[in-house]
Amino acid sequence: MSLFEEEKQDSTDVIQFLYSNRKALIISFVIGGVLACAVSFLLPKKYRSTGIIYPPNTYVRDQLISNPQFGHEIEVEHLLQLLESASLRDSVIDQFNLIDYYEIDTTSTAGWKQELVLKYIDDVKFFRSKYLSVVINVETKDAVLSANIVNYIIETVNKHKKAVFQGNIKNEIEYFKKRYEESKKKPQEILDQIYALKDTSTSKNLISNYLNNLNKENFVNNDFIDSREMESLVEEYIIYDDQMKERKHDYEQALDANSKPLLKNYVIDYAKPNYKKVSPSISVNALIGSAIALLATLIVLAWKRKVKAL
């Protein structure tokens, strides 16, 4: 017998096997679907709420009014990290008392915190869309609770972002302030030496007058710089005074930046309670149950056939 004929014979045997057992297969298919539907009614229903936000573009703050823009890849990644942070997760758990919602026994097991986190991660999900927005999906047994959690996360993530930045900003301002305060000491020391070389009562105004007229045309500095020592001191003073002014400018810029509020996320959609359950799906469960029952029946019938043949 050729290979083609063997394959044809095998196909015929399979068809005959299925046809001869059609009643058992149909009955198992129906029973499996019915049982899966019955189980679906016993499972707790879950309702999903969704919110959509965009991070701001942190590089166009000066054009925020004239040319507002959504953030790009890096801002989206930063936002996702904040949304998935432990601090925000703990805030949501405390705000909605999710320990009681998940019926976690905090006294009986040592790993109850891990169990709580896993349940939270299973119900609260964040993902980046193809449009570089961040979608927040929450599924719970209460449609209103799902919507409230989404909206709380939308409103709270800005506060957590500020808290994360605040520590670094404070340290940076202290750094600029300290650097500025230290830069004022050296010019003052040199200024004291300059004043010591001038006996006139107006000596304290002479250095400022000199610096004010320094860049003017036809300015003659002989009236003030009358020795090599004075010339050296003035040159040194100018260097350190410029350094002090530069550091003062940096410090004032840091203060100004800190006085501005952090850019908030753009909210595209707040969540609303959705009373159409997302799980369990009766139709999906019915198909799965029927398929499992049908496969199990096929395996049993095939095994019986093989045993009979032996």
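The numbers here are math on the coordinates, done by the rules we state, and not lab data. Remember, predicted model here, so these are calculated numbers, not experimental data. FYI the Cβ positions are ideal-geometry reconstructions off the backbone, even for glycines, and counts take in every protein chain you see.
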Item to check | Projected label distance in nm at Y102 and K186, using a 7 Å step from Cα toward the beta-carbon | outcome: 5.7
Next on the checklist: For a quick check: sort Y54, Y266 by the number of other beta carbons within 10 angstrom, fewest at the front.
Outcome noted: Y266, Y54
Checklist outcome for this item: Counting sequence-distant residues (5 or more places) and residues on other chains, those with an amide H built under 5 Å from that of R48 are V278
Checklist outcome for this item: Between K125 and K306, Cβ-based FRET efficiency (R0 51 Å, step 0.05) works out to 0.65
Checklist entry - Label K159 and V117 with points 7 Å out from Cα along Cα→Cβ: what is the distance between them in nm? => result 2.3
Item to check | L255 versus Y195: modelled label distance in nm, points set 7 Å from Cα along the beta carbon direction | outcome: 2.4
Item to check | Extension reserve of the E77-V30 stretch, reckoned as 0.36 nm per residue once the Cα distance is removed | outcome: 12.1 nm
Next on the checklist: Here is the link list: K45/K272; K159/K277; K141/K162; K185/K260. Which ones come out longer than 20 Å on Cα distance?
Outcome noted: K159/K277; K141/K162; K185/K260
